[in-house]
Every structure is written in C-alpha cells, then in structure tokens.
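The values are calculated or read from the model by the stated rules, or taken from the named source; none is laboratory data. All figures in this text were calculated on a predicted structure; none of them were measured in a lab. Cβ placement follows ideal geometry from the backbone for every residue including glycine, while neighbour counts extend to all protein chains displayed. Calculation scope for accessible area: heavy atoms of the full protein, side chains included, ligands and nucleic acids excluded. Shrake-Rupley method; radii C 1.70, N 1.55, O 1.52, S 1.80 Å.
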Amino acid sequence: FEQKANEVVAALPWVKKVNVTMSAQPAKPIYAGQLPAGLQTISNIIAVSSCKGGVGKSTVAVNLAYTLADMGARVGIFDADVYGPSLPTMVSPENRILEMNAEKRTIIPTEYMGVKLVSFGFAGQGRAIMRGPMVSGVINQLLTTTEWGELDYLVIDMPPGTGDIQLTLCQVVPLTAAVIVTTPQKLAFIDVAKGVRMFSKLKVPCVAVVENMCHFDADGKRYYPFGGGSGSQVVQQFGIPHLFDLPIQPALSASGDSGMPEVVADPQGEVSRTFQELGVCVVQQCAKIRQQVSTAVSYDKSFKAIKVKVPDSDEEFYLHPATVRRNDRSAQSVDEWTGEQKLQYTDIPDDIEPEEIRPLGNYAVEITWPDGFNQVFSHPYFDYTIIHRAQLSRLTNCTHLVYTS
C-alpha cells in the first residue's frame with residue numbers, strides 16, 4: 001500500500017516529494033478479556049462448515065488457511081473432527097506429534113510452512129472412539145489450552161452435523177464468521193441449510209458459500225455433471241453475499257492426499273485464483289463484522305445514554321441506562337418458575353450509569369453496573385425487546401428514547 005501510494009502520487013506532474021505515513025494498525029482481539037488464555041491473542045476465528053461429510057470442507061479449510069498465510073497473515077488451523085481428523089493427511093509437518101508444555105500445562109501446536117496446526121490426529125491416538133460429551137471436552141481442551149500465540153486468523157475445520165461438538169465450539173469461542181461448503185446435489189443443500197440456520201441462531205455471520213465439485217472442462221466445453229448448483233440456492237435463500245465455484249479437478253483431490261495443499265503446490269492455477277478471491281472476501285468481511293460488533297452498543301457520556309447502532313445502516317438510537325437495567329430478564333430479576341418480577345422499578349436509581357460495555361462474540365453485549373451486576377443482552381434484544389417493553393410498560397419517560405428512524 002505504501003509503495004503504491006508513493007508511485008501514484010509521485011506520478012502527478014506537480015508533485016515534487018511524497019511522504020506517506022501508514023496509520024492503519026493490525027486488528028486486535030476485541031473479546032480478549034473474556035476468553036481462555038490460549039485464545040486471547042487471536043483476532044479472527046473462521047468456521048468452515050458444511051454439516052455434511054464428503055463435500056470437501058477440509059480441503060476448503062486448509063487451502064483457505066494457506067491462502068491467508070500467503071497474503072501475509074499469521075494463521076492457524078484447528079481440526080475439530082475428533083472421529084475422523086483430516087489434517088494429518090492434508091499437510092506434512094516435520095513434527096507430527098503435539099507437544100506439551102509441562103510447566104504451563106499447555107499444548108504446543110505443530111507447524112507446516114508457517115501455519116500452526118492442531119488436530120486430534122496429531123495427538124498420537126489417531127481417531128477417537130468415545131461418546132459425545134467426552135468429545136466436546138477433548139475439543140475444548142485442544143482449542144483453549146493450545147499456545148496459539150498472536151494470530152490474525154484461526155481457521156476451524158468443523159465436523160459434520162449440528163450436535164454437541166458444533167454447539168460447544170460456537171459457545172466456547174467467539175466465531176467471527178463462517179464459510180459454508182456445499183456440492184451441487186439437493187441432498188447437500190438440505191444438510192447445509194441446517195448449518196446455516198444453526199449459525200444464524202448463534203449470530204455467527206455466514207460470509208461466503210463455496211460450491212465444490214461444481215463442473216469440469218473437456219473438449220472446449222464446460223460440463224455440470226451434478227446439475228444446477230445448491231450453492232446459488234443457499235445464497236438466494238439465506239442472503240449470503242458471495243458464492244465461489246470449485247471445479248472437479250484431479251490435482252485438487254491429489255493434493256489433499258499428498259500432504260501439500262493445492263494453493264501451495266500450484267499457486268498460479270485456477271483453483272488458487274478462486275481461493276485468493278475467497279481469501280480477499282474473508283478478510284474484507286471480517287473487517288466489516290469487527291467494525292459492526294465493536295461499535296454496535298456503546299455508552300455516550302455526553303447524552304448519558306446507551307447508543308445502539310443498527311447493523312448495515314447509519315441509523316442509531318439511544319436508550320436510558322435505567323430502562324436497560326430495569327428490563328433485565330435473568331434469574332436474578334425474574335423468577336424462572338413463576339415469571340414473577342423480583343427486580344422492582346424503585347430498586348434502580350434513575351441516574352444509574354454503566355461501568356463497562358463489552359461485546360460477547362457476535363451475538364451479545366455484557367454490561368457491568370456499579371452494583372456489580374453483569375447484564376447480558378443479545379443484539380436483537382436491543383433492537384426490539386427493550387424498546388417494545390419500554391413503550392408498553394412505560395418504565396421510563398418517552399423523552400429518554402431518542403430515535404433517528
């Protein structure tokens with residue numbers, strides 16, 4: 001960027017000297033204080049998911065990770081499939097066994113071509129034979145006790161399905177975004193749709209769809225052996241903005257078995273170009289998401305009000321802090337069995353102000369109040385419920401609510 005800026009400005013005929021100052025700073029984790037130690041220095045966590053086996057999800061995850069690394073990012077890959085880990089087959093690290101830091105009781109990831117790797121397949125046990133709750137515990141331990149160091153992107157190769165393991169991953173870590181992998185068949189779309197709905201409920205944005213094994217070229221023609229793509233159907237039905245097609249290509253399959261990702265083996269090929277476009281998309285969307293999350297809810301001291309920014313819009317509105325505090329619906333404020341209101345209107349002073357507001361993943365914010373109470377609200381709650389309740393129950397004067405829409 002600096003070199004290009006110098007060249008472009010210096011080319012102007014009236015410019016004698018150019019001095020470019022780079023003010024941009026690398027993205028920093030915005031949830032660091034709320035995470036396990038091993039995850040506190042990771043800026044973005046990307047889930048690559050399909051909810052169906054055999055569609056090339058691991059191929060996409062590994063090649064995306066090495067594409068991001070080739071773009072200059074610090075990258076790690078976490079293989080979350082304990083029953084059938086793919087990472088040991090797809091990459092060839094010199095050290096194929098995870099090491100333990102006995103003093104810190106942490107896991108040291110192995111590396112291949114600058115990318116940090118963790119998989120149960122590197123634990124020396126191959127594939128697991130265990131029940132779901134045990135698997136969730138193993139996943140949690142591998143992910144949160146690893147010394148990942150400072151990473152720009154951690155790519156998680158999600159296992160198929162929408163069960164305990166997937167929910168554990170989505171709840172343990174603040175996923176920045178998800179990339180959905182599918183194939184053209186209708187059966188793939190049915191399973192993928194379940195995964196998209198799961199991410200939607202957990203407020204994890206799906207930023208791209210990759211349709212694998214889409215077509216092949218022969219005799220100067222392009223053939224679609226599996227018919228119309230399910231990828232475009234996912235994009236249309238769920239409003240995911242970006243679709244990428246991967247061809248049926250023997251080299252892509254062979255690279256997955258050889259231990260060298262295709263984007264490393266043939267960085268100028270057709271497949272690599274597609275992954276470069278996907279990498280750019282992921283970088284741009286993550287930056288956009290981080291900006292939305294970090295500015296979605298804040299406290300404006302001049303107004304003495306909580307400011308809520310509407311996603312994908314310049315609109316914003318303000319909420320009186322006492323209204324937010326009085327509308328808490330946790331067990332401390334409302335009896336879970338009877339629904340009886342335990343927190344009374346008069347318990348909260350009108351001049352109460354939050355001590356801190358911080359995001360929890362992409363789905364919620366946590367507000368710390370002077371009395372030590374931590375209140376958690378999802379973003380949709382801010383958009384609808386508080387306003388609705390404040391209007392219906394008249395908990396505060398309407399002048400406390402300022403709307404711009």
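Some observations on this one:
- For residue 346, the accessible area of its heavy atoms, probed at 1.4 Å with every protein chain present, is near 120 square angstrom.
- Cross-link reach is defined here as a Cα-Cα straight distance under 16 Å, omitting same-chain residues fewer than 8 places apart; for residue 288 the aspartates and glutamates meeting it are 152, 312, 314.
- Each label was represented as a point 7 Å from its Cα along the Cα-to-Cβ direction; for residue 150 and residue 236 these points are 4.6 nm apart.
- With a cut-off of 13 Å between beta carbons, the residues surrounding residue 280 carry a summed charge of 0, where Lys and Arg count +1 and Asp and Glu -1.
- Listed residue pairs exceeding 32 Å between alpha carbons, taken from 194/301; 4/307; 52/203: 194/301; 4/307
- Karplus 3J(HN,Hα) series, Hz, for the range 215-222 with 6.51 cos²θ - 1.76 cosθ + 1.60 (x for Gly, Pro): 7, 8, 10, 7, 6, x, 10, 10
- Shape of the range 213-309, Cα gyration tensor, a/c cut at 1.5: prolate
- Applying the criteria of a DSSP loop state and at most 16 other Cβ atoms within 10 Å to the trypsin sites (Lys or Arg not before Pro) of the range 72-126 yields 96, 104, 105.
- Surface composition of the range 27-294: carbon plus sulfur atoms contribute 51% of the solvent-accessible area (1.4 Å probe, protein chains only, all chains present).
- Under-5 Å amide H pairs with residue 99, H placed in peptide plane, nonlocal only: 108
- For the range 1-119: accessible area per residue (Å², 1.4 Å): 53
- Accessible-area value, residue 217, 1.4 Å probe, nucleic acids and ligands omitted, Å²: 90
- At R0 = 60 Å, FRET efficiency that the Cβ-Cβ distance of residue 96 and residue 14 yields, to 0.05: 0.50
- Kirkwood Rh and Cα Rg combined as Rg/Rh, the range 27-294: 0.95
- A cut-off of 5 Å between modelled amide H atoms, ignoring neighbours fewer than 5 places along the same chain, links residue 51 with 161.
- In the full protein context, the range 303-354 carries 59 Å² of accessible surface per residue, based on a 1.4 Å probe and ignoring ligands, DNA and RNA.
- On a per residue basis, the range 214-278 carries 55 Å² of accessible surface, using protein heavy atoms and a 1.4 Å probe.
- Ordered by solvent-accessible area of protein heavy atoms (1.4 Å probe), largest first, the residues 57, 307, 16 come out as 16, 307, 57.
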